[in-house]
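Note sheet for the following structure.
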Amino acid sequence: MKDKKLYKLLKLNLKNVFEEDNKDGKKENVIYIKESDLTKNLTLIRETDTIRIANALSNNIEELEGYKYIKDLIAFSVNVGTYKTIIKDKNSLIKIIITKPQHISKKKLHNIKSKNKINNIKMYSKNIKDVIDKTIVFKRLLSSSGNIRNKKVIYIKQDLWNKANEILLCGLPKDMKHPVFSKFNSYYALVNTDSIPVTTPSFIVVDDYEHEIEEYFDIVEETAKDIYKVKNNQKRKISILPFDGGGLVDISLAKQWHNELELDYVPASFQFRAIPGIKGNLFTFDIKSFAEQEGVTPIVKDAFGNKHNVLKEGINCIITKSQFKFFKQYKELFGEKKAFDTWKENFNRELYGYKKTFNISRVSPKCEELKDKILLSYQPLQSLDISQIDIEKICKTTVDFISNISTNVDEFLQFRGINEENNTYKIPPYYKSLAKNKSLFNDSFIQSKVKEDLKRFKENTLKGCIWINGNFQTLVPDVLALAEHSFGLDIKGGLNKHEVYSNYWIKKDKSEIDVIRYPHIANEHNLLKVVTPKKFDWYQYSTEGIVTSIYDSLALKANSADYDGDEVASTSNAIICKNARNQKANTIYNIDYVDSNAKEIESKSIDDMKEIIDCDVRGMSNDIGKVVNCITTLWSIEDKNKEINDDGLTAMDCIKIMSIVGSKTIDYVKHGVKADIPKEIKVLVDGIKKPKFQRVIYKSNVKTEREINNNNKILGKEKVRLFNNNDCTMNRLYDYMEQQIKPIKLYITEDIEFKFTDLYDNKKINIRSSKSYKLIEEMMFNFIKDSNEISQKNSIENKSKDCNNDDTEQEHSYKWTIFYNHVRTELINLLLNKNLKLTKDKLLDYVIYIFYENKEFIKHNDDKALLWNVFGNELNVRLHGEKLRPTKEYTEEEIEKKLERAEKLKNKVGKIKEQSNKVYIKDFAGYLDVKINTNVIRKIRKLTKDIDEKRLLTVLYVISQFSKTYNKKEVESEIFSIETSSKNKITKSNIQILARIDDRKYKKLMKRLNDNKMITINTNKNGTILKIKINIECDEEDNEVLQDINKCKTLFKYFR
């Protein structure tokens, strides 16, 4: 498909907004950002209608690093608390203030230096405050369903807001009322889907079709708010919308679009967007031939009551009312006869320089390019009771796969390609190099990276990520039935109940498949018969997708799927199909509670910004994770048919109820109907531990369990388990896969020895009497020293597992990004020094020599991580037999900027190094005078001979004194807490760093101190926090004063 254009957009966080008084004394929301910081806050996004509108309104664009930077839009990450208070109160307005350094001439600086007797004028210049360069006010424009789930909001420059809003409303009044704000927000923001404009079709809107079917259902009825009862296996007639979200596009237009999209095939479907709120999927069909066949009139009555001659009017597209989201509003505001023409006139009218377009956001893939295998997740597995024998069979492919990628370089590289979906820009340069030169595998650094990837994939298999045959395809309605409905014929379709047509599975000669949709909550397996319809000609363009019947509840069972581009997984795997057949489950049918006393929903004006933000906040506060967690715990119950209360409710009934709660939670962003977990289910689940296989998902719980047991070991208590070992499918699969993959080790042998000399540009490298080499060698030794200092703290924290959370990992990643950028900048800037006579090739040769041939350097560092993270792209170029780009000539101004950047990075690394050797405890951040009785330290020296024990006890004593000083109001100020992980509190890793001991020693020493009554240890209620009391006292005082907890290390002098 034609590449979607990429743009740069400023991305800021609302947590950085603060209130400031303006000139009139009124509060306004402000974010300050330095001009120099703008580029690092830019993010890449694909082209959307939002971007096209902003470009047309002002064309305020800057070319930046090969991309267009859209200055009039900002993407905000939302802090819900800030958003619903100060942002809402100011009509969503945010003032962005961009600052830049003051420009002071050299002459003025010289005068300042002379007048004020300043020696370091460079340092003085740095301390001069920035001045305001620009002030721009932005206003909330939109937030799509996807944006809401990811807590993002798009803002536009305030003076463009009215024009953009008028374009987006397409003739609808700006103060129009809408009964469900969440729906309005979602439909209005469809323009924020990335898309490509194509020729606008000549289309009509036909009415939706309701079809009555009869099946056995498991009925979940809400009898009052969040109170449900379940009636199983009830025969019932219900109405379905078998074409919901779907329409037809004529093959002639589909061929035209395929040219415009630069495709080499005609897709089976096109997902589209058009202003306002027109969306869905269009399925390729021969509309013209259908209209010309015998017994069919080309006259079609549209949903507005107008008749159209499809052939004479050149209609090449039919969309359903479900795809025209503001159908009701246009009809009510402009009348039935004028509604569509009003939309059409406004859509085709150029407004403020913007011409609205019909856009394609996604197309169905070519059938030949569909994958033949799919990674399952735990959800569809946990809903089947799979025997141990079947677990072993279904896991065999994955076990063999792990074995293959652990013993064959080509298999491993293929796995990495599959894992990254062939997006080569995501594949690290060292793997690209390995693909070119297999002998590189013998390099220790490359092997370490391979091991990391293997470990990650192995871990994923423990939570059900196992390979089976199958793929994801588009969910497709019966296109023949849709055509019959559109032309007013008897609707029969071409597929019977529980039949599907799939070009892919027909070619695979499979007659039965299981269709699964994610998220898979209850037992939503759909076992279906694969057939070729008798009237196949009408399905000939459905080359991809699972084409469904109008006679069953497949879409409803697949978590209320529709046909607007939803994808489903399908497989012919014998074990999945057998178990789905043997454990066949009814579709769950929901009956909502209708409160007869409830007030009618008040329609509110769409320009009510406070209501819009309230709606955003409600959506952002929604948590599907809690629902999924609850269901997974319920699936782990061994006897799911056992009654759990007096009303006869079973665990299986609870799962069915939770499937409805889950659906409502997912759709809350669109429909505004919130569902809470019923109390009796919450009580049940709270009394059950998470299943054991979730150890690989909820690592924070694993960490908590480990900390409790570490504490219990210190106190001589028994181990506890926070996960259940119930006999359920996923726990059995976890145990089996753990047993199978544990013995599989990385064992790849490449006969060809890796010749690091292949990395050189000049294989006859000469370092003798080279001043530049000596300089680089000295720098590299210093870089390794810096690296060791930075990694020292990280290694202690990682071993102690106090920092096993996303924020800390991100912080560590940030530190290393800064460090690697610093190293690269320092080395590359050597090229600016003409006296060194260095080229980029020679510089890289010297660095490679240091890592591979400098014996003294290798003795202190045999890891190549620094080399590959700094010069990975250059090494990859060389291994591909290509030459590095020559270094460009820089102007004095460019050189000055480069040196300034180098200085900034150097300062940042300096701060990181300083922080790496220190601990920071926010509770002790006041620089108060803390009295330390050195007689206690002398007593500690006599109490034990073990130097580690002395240091640990000293640190604990000092912390107790700091705690006493900073917490005078607390009753138990003599006792302090050691928490598991908190940046603000005392943690185990803090103590280990201060006492210079590792995790293994920590547990032994703490137990010994407690056993010997030097300290008293208790725990909090759940065992995660240690409560420490120091039992050493001295009557006489000889005090030293400390203000910084890190200075406790100075007290170790008493042990010499």
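The values are calculated or read from the model by the stated rules, or taken from the named source; none is laboratory data. Everything numeric in this text was worked out from a predicted model, so none of it was measured. Cβ placement follows ideal geometry from the backbone for every residue including glycine, while neighbour counts extend to all protein chains displayed.
If you check 403, 486 for being closer than 30 Å to residue 503 by Cβ, small (Gly, Ala, Ser) and in contact (Cβ under 8 Å) with a residue 12 or more places away in the chain, only one passes: 486.
Only one of the listed residues (709, 641) is crowded, with 16+ Cβ neighbours inside 10 Å and more than 17 Å from residue 224 (Cα to Cα). That residue is 709.
Looking at 795, 800, just one residue is in contact with a Lys or Arg (Cβ under 8 Å, 6 or more places away or on another chain), at pLDDT below 85 and under 30 Å from residue 705 (Cβ atoms), and that residue is 800.
Among the residues of region 53-107, those that are among the hydrophobic types (A, V, I, L, M, F, W, C) and touching a Ser or Thr at 6+ places or on another chain (Cβ under 8 Å) comprise 64, 73, 75, 80, 96, 97, 98, 104. When residue 619 is tested against (1) more than 30 Å from residue 458 (Cβ to Cβ); (2) buried (at least 17 other Cβ atoms within 10 Å of the Cβ); (3) in contact with a helix residue (DSSP H, G or I) (Cβ under 9 Å, 6 or more places away or on another chain); (4) modelled with pLDDT of 90 or more, exactly one condition is not met: (4).
Evaluation of residue 714 against the conditions (1) outside any loop (DSSP other than H, G, I, E, B); (2) touching a Ser or Thr at 6+ places or on another chain (Cβ under 7 Å); (3) among the aliphatic types (A, V, I, L, M) shows that the sole unmet condition is (2).
Does residue 202 qualify as being surrounded by 21 or more Cβ atoms within 10 Å (Cβ to Cβ) and of a type in the set (Ser, Thr, Tyr)?
Values: surrounded by 21 or more Cβ atoms within 10 Å (Cβ to Cβ): no; of a type in the set (Ser, Thr, Tyr): yes.
Judged against the criteria, residue 202 is not a match.
Looking across 457, 445, 412, one residue alone is farther than 30 Å from residue 310 by Cα, under 23 Å from the mean Cα position of the chain (by Cα) and of a type in the set (Phe, Trp, Tyr). It is 457.
Could you check how many residues of region 23-32 are closer than 18 Å to residue 88 by Cα and without any contact (Cβ under 8 Å) to a residue 24 or more places away in the chain?
Quick first cut of region 23-32, residues closer than 18 Å to residue 88 by Cα only: 26-31.
Still in the list and also without any contact (Cβ under 8 Å) to a residue 24 or more places away in the chain: 26.
Selection size over region 23-32: 1.
Of the residues making up region 361-400, those that are more than 30 Å from residue 430 (Cβ to Cβ), in a helix (DSSP H, G or I) and touching a residue at least 40 places away in the same chain (Cβ under 8 Å) number 13. Tell me yes or no: at least one residue of region 432-446 is part of a helix (DSSP H, G or I), more than 22 Å from residue 864 (Cα to Cα) and either at pLDDT below 95 or touching a strand residue (DSSP E or B) at 6+ places or on another chain (Cβ under 8 Å) (or both). The answer is no; no qualifying residue exists.
Consider region 200-242 and keep the residues that are small (Gly, Ala, Ser) and assigned to a strand (DSSP E or B). The one that is nearest to residue 675 (Cα to Cα) is 224. In the set (1) more than 23 Å from residue 273 (Cβ to Cβ); (2) outside any loop (DSSP other than H, G, I, E, B), the condition left unmet by residue 296 is number (2).
Restricting attention to region 923-934 and to residues that are in a helix (DSSP H, G or I) and more than 20 Å from residue 1009 (Cα to Cα), the residue that is modelled with the highest pLDDT turns out to be 924.
Which of the following residues is more than 11 Å from residue 759 (Cα to Cα) and either among the acidic types (Asp, Glu) or assigned to a helix (DSSP H, G or I) (or both): 883, 859? Explain how you work it out, then say what you get.
Details: 883 fails: either among the acidic types (Asp, Glu) or assigned to a helix (DSSP H, G or I) (or both).
That would be 859, the only listed residue that is more than 11 Å from residue 759 (Cα to Cα) and either among the acidic types (Asp, Glu) or assigned to a helix (DSSP H, G or I) (or both).
All of 741, 748, 714 fail the test of being over 30 Å from residue 593 (Cα atoms), in contact with a strand residue (DSSP E or B) (Cβ under 9 Å, 6 or more places away or on another chain) and in contact (Cβ under 8 Å) with a residue 40 or more places away in the chain, apart from 714. Pick from 488, 493: which is in contact with a helix residue (DSSP H, G or I) (Cβ under 6 Å, 6 or more places away or on another chain) and at positive phi? Residue meeting the stated conditions: 493.
Under 22 Å from residue 832 (Cβ atoms), surrounded by 13 or more Cβ atoms within 10 Å (Cβ to Cβ) and at pLDDT 85 or above: does that describe residue 909? In short, no. Checked against the criterion of being under 24 Å from the mean Cα position of the chain (by Cα), in a loop (DSSP other than H, G, I, E, B) and either modelled with pLDDT under 90 or surrounded by fewer than 18 Cβ atoms within 10 Å (Cβ to Cβ) (or both), region 655-666 has no qualifying residue. Taking region 533-579 as the range and being within 25 Å of residue 656 (Cβ to Cβ) and in a helix (DSSP H, G or I) as the test, the residues that pass are 554, 555, 556, 557, 575, 576, 577, 578, 579. Going through region 1009-1033 one residue at a time, which ones are over 23 Å from residue 934 (Cα atoms), surrounded by 14 or more Cβ atoms within 10 Å (Cβ to Cβ) and of a type outside the set (S, T, N, Q)? Residues satisfying the conditions are 1017, 1023, 1025, 1026, 1027.
Of all residues being in contact with a Cys (Cβ under 9 Å, 6 or more places away or on another chain) and assigned to a helix (DSSP H, G or I) in region 605-649, which is farthest from residue 90 (Cα to Cα)? Just the residue, please. It would help to see each step written out before you state the result.
Applying the first criterion (in contact with a Cys (Cβ under 9 Å, 6 or more places away or on another chain)) to region 605-649 yields 630-631, 634-638, 640, 644.
Filter again for assigned to a helix (DSSP H, G or I), leaving 630-631, 634-635.
Numbers: 630: 39, 631: 41, 634: 45, 635: 47 Å.
Among residues in region 605-649 that are in contact with a Cys (Cβ under 9 Å, 6 or more places away or on another chain) and assigned to a helix (DSSP H, G or I), the one farthest from residue 90 (Cα to Cα) is 635.
In summary, residue 207 fulfils each of the numbered conditions (1) of a type outside the set (S, T, N, Q); (2) closer than 30 Å to residue 649 by Cα; (3) surrounded by fewer than 19 Cβ atoms within 10 Å (Cβ to Cβ) with the single exception of condition (2). If I filter region 306-317 for residues that are under 31 Å from the mean Cα position of the chain (by Cα) and either crowded, with 24+ Cβ neighbours inside 10 Å or farther than 24 Å from residue 4 by Cα (or both), do I get at least one hit? No, there is no match, as no residue in region 306-317 is under 31 Å from the mean Cα position of the chain (by Cα) and either crowded, with 24+ Cβ neighbours inside 10 Å or farther than 24 Å from residue 4 by Cα (or both).
In region 465-486, the residue that is nearest to the chain's Cα centre (by Cα) out of those that are buried (at least 22 other Cβ atoms within 10 Å of the Cβ) and part of a loop (DSSP other than H, G, I, E, B) is 466.
If you go through region 266-273 one residue at a time, do you hit one that is in contact with a strand residue (DSSP E or B) (Cβ under 7 Å, 6 or more places away or on another chain), surrounded by 19 or more Cβ atoms within 10 Å (Cβ to Cβ) and charged (D, E, K, R)? Within region 266-273, one or more residues are in contact with a strand residue (DSSP E or B) (Cβ under 7 Å, 6 or more places away or on another chain), surrounded by 19 or more Cβ atoms within 10 Å (Cβ to Cβ) and charged (D, E, K, R). Counting only residues that are surrounded by 15 or more Cβ atoms within 10 Å (Cβ to Cβ) and among the basic types (Lys, Arg), which one in region 87-101 is nearest to residue 611 (Cα to Cα)? The residue in question is 88. Being of a type in the set (A, V, I, L, M, F, W, C), buried (at least 20 other Cβ atoms within 10 Å of the Cβ) and modelled with pLDDT under 95, is that true of even one residue in region 570-589? Within region 570-589 (the criterion being of a type in the set (A, V, I, L, M, F, W, C), buried (at least 20 other Cβ atoms within 10 Å of the Cβ) and modelled with pLDDT under 95), the answer is no, since none of the residues qualifies. When residues in region 274-293 are screened for being of a type in the set (Asp, Glu) and either within 30 Å of residue 173 (Cβ to Cβ) or crowded, with 16+ Cβ neighbours inside 10 Å (or both), 1 of them pass.
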